[in-house]
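Colleague: Structure incoming, see below.
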């Protein structure tokens with residue numbers, strides 16, 4: 001762009017089918033799009049998760065000083081590592097529950113988010129586990145979007161009708 005080289009690096013499908021990194025070597029900067037959610041829970045609409053983890057490792061290996069995520073504040077390689085570690089953790093936890101025969105929503109409720117529970121939107125675990133289960137089973141047909149949002153609402157503490165739970169006095 002102008003006199004600056006800019007590299008477009010396709011890393012998808014990961015978050016979505018069209019994930020691309022924009023790397024400006026002269027500026028020592030990479031724009032990651034939705035590969036990175038900093039201080040927020042990533043949401044796996046597409047997968048496979050291995051591509052997303054590979055994209056994080058690629059960013060971690062880049063010679064950059066500035067990492068601009070799709071969501072959240074500008075970050076460093078520690079922020080990238082945190083996203084990668086979340087993806088690896090959820091993948092491993094979901095796999096254990098899948099292998100044990102637990103359904104996806106029960107698995108999402110069962111996974112202890114530990115330090116990741118402080119990130120915004122932890123209820124996205126419902127979509128993430130659903131995507132992983134479809135990946136593990138070799139299924140390509142996505143779950144109904146309204147069903148996924150209902151699951152997230154329930155995990156966030158809303159009733160099945162989308163209303164907040166009753167307050168106890």
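Colleague: Put a dot 7 Å past each Cα toward the Cβ at residue 61 and residue 137; how far apart are the dots in nm?
Modeller: Label-label distance for residue 137 and residue 61, simple model: 3.4 nm.
Colleague: Springs between alpha-carbon pairs under 10 angstrom, Gaussian network model over the chain: which of 74, 43, 59 fluctuates most?
Modeller: Of 74, 43, 59, the Gaussian network model singles out 74 as fluctuating most.
Colleague: Restricting to DSSP H runs of at least four residues, report the calculated mean residue ellipticity at 222 nm for the chain, -39500 (n - 2.57) per run over all residues, nearest 500 deg cm²/dmol.
Modeller: -12500 deg cm²/dmol
Colleague: If you find the alpha carbon centre of segment 81-112 and of segment 129-160, how far apart are they in angstrom?
Modeller: Segment 81-112 and segment 129-160 have Cα centres spaced 13 Å from each other.
Colleague: Rank 34, 144, 92 by mean-square fluctuation in a GNM of the chain with C-alpha springs under 10 angstrom and give only the top-ranked residue.
Modeller: Judging by the Gaussian network model, the answer is 144.
Colleague: Still on this model: If you rank 38, 125, 145, 9 by fewest surrounding Cβ atoms within 10 Å, what's the result?
Modeller: Least crowded to most crowded, the residues run 145, 9, 38, 125.
Colleague: For the pair residue 26 and residue 6, how long in nm is the line joining their label points, each one 7 Å along Cα→Cβ?
Modeller: With each label placed 7 Å out from Cα toward Cβ, I get 1.2 nm.
Here, each number is a calculation from the coordinates, and none is a lab measurement. Computed from a prediction, not measured in an experiment: that's the story for all the values here. Virtual Cβ from ideal backbone geometry, glycine too; neighbours counted across all protein chains shown.
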